[in-house]
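Working notes for the structure below.
The values are calculated or read from the model by the stated rules, or taken from the named source; none is laboratory data. A quick note: this is a predicted structure, and the numbers were derived from the prediction, not measured. Every residue, glycine among them, receives a Cβ derived from its backbone with ideal geometry; neighbour counts consider all protein chains shown. Accessible surface areas use protein heavy atoms only, side chains included; no ligands, DNA or RNA. Shrake-Rupley method; radii C 1.70, N 1.55, O 1.52, S 1.80 Å.
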Amino acid sequence: MLEIKNIKKSFGGVKAIKGSDFIIEKNKVTALIGPNGAGKTTLFDIIAGLTRPDEGHIIFEEKDITKKEPHKIANLGISRTFQQVRLFKNLTILDHLQMVEDNKDMGLLKNIFTNKKRSDKKYEQVLENFGIKRTLDTYISDLSYGQRKLLQIAMTLEKSHKLLMLDEPVAGVNKVIQSDIENLLLKLKEENETILLIDHDMEFVRKLADHVIALDAGVVICEGTPDKVLKNKKVLEAYLGE
Amino acid sequence: MLSAFFIHIAVIIVIYAILAVSLNVAVGYTGLLNLGHIAFFGIGAYTSALLTKNDVPYIMALLASGIFASVFGWLLAKITSRLKGDYLSLATLGFGFVVYAVMLNWSKLTRGPLGIAGIEKPNIFGWYLKGSGSYLIFASIIAAIIIFIIYKIVKSRYGRLLEAVRDDAIGAQALGKNIYKLKIQGLMISAFFAGIAGSLYAHYISYIDPSTFFISDIIVIFTIVIVGGLASLRGSVISAIIILGLPEMLRFVDLPSSMIGPMRQMMFAVILILILMFKPRGLFGKIDLE
C-alpha cells in the first residue's frame, strides 16, 4: 500500500534520514521503533507531505505522492495523529468532528447561506465510542490532555481513510486512557485496518504489530516480525542500550 | 451645528467600524497579521473616485472598489502564502508602503500628492446623498449589510475553518483542508470590505490624497480591533465608537487647538495600554494575542 524508497533528509548539517526503504502492507499493523532522534517522526512528516525529502520517493497505492501538498495526501486517505496533539483550541468538539466529516466546509458561498441542522446524536455517539465524557459544545482548551489525545484519535478514525498513521498514541496519558487506546488499537487490528504506528512500549508493539521496522540514526537497521526485531542484537544495542 | 458635528463623527465611526470588522476577518479569524490593511482602504477609495470621475455610476464604482481591493488581497496573499508570523507582518507592511508610494508617484492616474478633489456625492437610483444625515443613513445600511455577511461567514462551517487555520494550520492540513486557499480567501474577503469602506470614505470627504492612507494610520484600526477583541465583530463595532468617539469629546474641553491632536494620540495610546494590561483579550475578544 505504501512504499518508502530511498528517502533522505537533512536539516542543516544533520542527516535525519539517511536512505530508508520499506513497505507498509495493506491490512497489517506496522510498527516503527527506534530511539529518540532515530527519524521516526521525520519519516511520518515526509509521508504526510509536511516535510519534503531531499531524495527518494513515497509511493501510495502506486502513485508517487512525494511532492504532493499535505492536504491532498490527507484527502487520498492517509489519516494521521501527532505526537503533540494538534487541535484548534478556540473551537469546540463539535467543530472538530464536523471538520473531519467531509470537505464541504471549504465552499464559502455554499456554507454562508445554508443552515445545516446539527445532527448531535451522530457526534455524541462518537464521543461515547471513544470514552470522551464531555458535551459537544466543550471548547478544546477545557479538555484534559488525555481527552484531547482521544479526540485526535477519534478524528483520525472518523476521517475517511485507507492508512492510519499514529505517532505515539499513548504518550503523556494516564494509565486508564492508555489502556483504552491500546484496546481500541487491538480492535482496529481485528478489523483489518492498515496502521503505521510509532510506539515505545515494546510489549504492546509485540502484541499489536504484524511487522516491525527498527530505525536508528535515520537508517533501517532491522525489520521483520516483532519477535525477530525485538531480539535483534543491533536493535537491542541501539534502542535498549544493551 | 452641533448635530452636524456629531453626524460627521458618526459617519467616520461607521466607516472605521467596517475597516475594523474587515481587518478582524484577517487578523482575528484567519490569524493573518496584516499590517497593510490601510492599503486596501486606499485602493478602494482611489478606485471609486477615479471611476465616478469617468462617469461610472456610483453603485458600480462601490462594488468595483471592493473587487479591485480584493484582487490586491489575492496578490498579497499569493506573494506571502508561505510566510507566517513576523515575516508575514513585515511583508504586509511593505505592501502598505508600496501602495502608498504608487499613490504618491503615479501622478498621471492619482494626481500624486495633490490628490483627487471634487469627488461627487453618491447618487443611488435618484437618491442623491448630498447631506451628512442621508450619507450617515446610507453608510450605516452598507455597514449593517457588511457586518451581517461577515457574521454569516464567521459563524458558518467555513468560518470555523478560517479559525482552524489561525489556531493550527498544520493540524488543519492533516484534516485535508487546503490552508493556502483559505488564507487567500480570508485576505480577499478582508480586502473586499476594506475597499468598500474606502469608497464610502472618498465620496463622503470628497477629497483624497495619499497621506490619508499612509501606513501609520493602521495604528488606529489595529487599536480598534485589539480594544474590541480579536475574533469579535461586536467588539470591533463598539470599540470603533469608543476609540473614535471619546477623543472627540476633547473638543468640548477648554484646550488650545494645538493640543487637541496630540491629546487624541495620547488617548489612543492610554486606552490601548490599559486594555493590554487589564483585559488582554480586549472588551469582547475570544482569543489571546500571540
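Candidates in the stretch A:95-140 are the residues that are among the hydrophobic types (A, V, I, L, M, F, W, C) and under 24 Å from residue A:178 (Cα atoms); of these, the one that is nearest to the other protein chains (Cβ to nearest Cβ) is A:100. Would a scan of the stretch B:150-163 turn up a residue that is within 14 Å of chain A (Cβ to nearest Cβ) and surrounded by fewer than 15 Cβ atoms within 10 Å (Cβ to Cβ)? Yes: one or more hits.
From the list B:132, B:70, the one residue that fits, being closer than 29 Å to residue B:35 by Cβ and among the hydroxyl-bearing types (Ser, Thr, Tyr), is B:70. When B:222, B:213 are checked against the criterion of being more than 14 Å from chain A (Cβ to nearest Cβ) and more than 30 Å from residue B:124 (Cα to Cα), B:222 stands alone in meeting it. Of the helices (runs of 4 or more DSSP H) that lie entirely inside the stretch A:49-135, those containing 3 or more residues that are not hydrophobic (A, V, I, L, M, F, W, C) span A:70-76, A:93-101, A:120-129.
The residue that is nearest to the other protein chains (Cβ to nearest Cβ), counting only those in the stretch A:49-77 that are among the hydrophobic types (A, V, I, L, M, F, W, C), open to solvent by 10 Å² or more (accessible area, probe 1.4 Å) and touching a strand residue (DSSP E or B) at 6+ places or on another chain (Cβ under 7 Å), is A:76. Looking at the stretch B:212-290, what helices (runs of 4 or more DSSP H) fall wholly within it and have at least 1 residues that are over 20 Å from the mean Cα position of the chain (by Cα)? Fully inside the stretch B:212-290 and qualifying: B:257-278.
Might you let me know whether the stretch B:18-26 holds any residue that is of a type outside the set (Gly, Ala, Ser), surrounded by fewer than 24 Cβ atoms within 10 Å (Cβ to Cβ) and at pLDDT 95 or above?
In the first step, residues of the stretch B:18-26 are kept if they are of a type outside the set (Gly, Ala, Ser); the result is B:18-19, B:21, B:23-25.
Going one step further and asking which of them are surrounded by fewer than 24 Cβ atoms within 10 Å (Cβ to Cβ), we end up with none.
No, the conditions are met nowhere in the stretch B:18-26.
When you look at residue B:48, is it under 24 Å from residue B:153 (Cα atoms) and open to solvent by less than 10 Å² (accessible area, probe 1.4 Å), yes or no? In short, no. Of all the residues in the stretch A:197-225, those that are under 28 Å from residue A:53 (Cα atoms), of a type outside the set (Val, Ile, Thr) and surrounded by 17 or more Cβ atoms within 10 Å (Cβ to Cβ) number 10.
Residues of the stretch A:12-51 that are out of contact with any Asp or Glu (no Cβ under 6 Å at 6 or more places or on another chain) and free of Cβ contacts under 8 Å to residues at least 24 places away in the same chain: A:12, A:13, A:14, A:36, A:45, A:50.
Take the conditions (1) at pLDDT 95 or above; (2) open to solvent by 40 Å² or more (accessible area, probe 1.4 Å); residue B:54 misses just one of them, which is (1). Taking the criterion of being more than 9 Å from chain A (Cβ to nearest Cβ), open to solvent by 30 Å² or more (accessible area, probe 1.4 Å) and in contact with a Phe, Trp or Tyr (Cβ under 6 Å, 6 or more places away or on another chain), the only residue of the stretch B:164-210 that qualifies is B:188.
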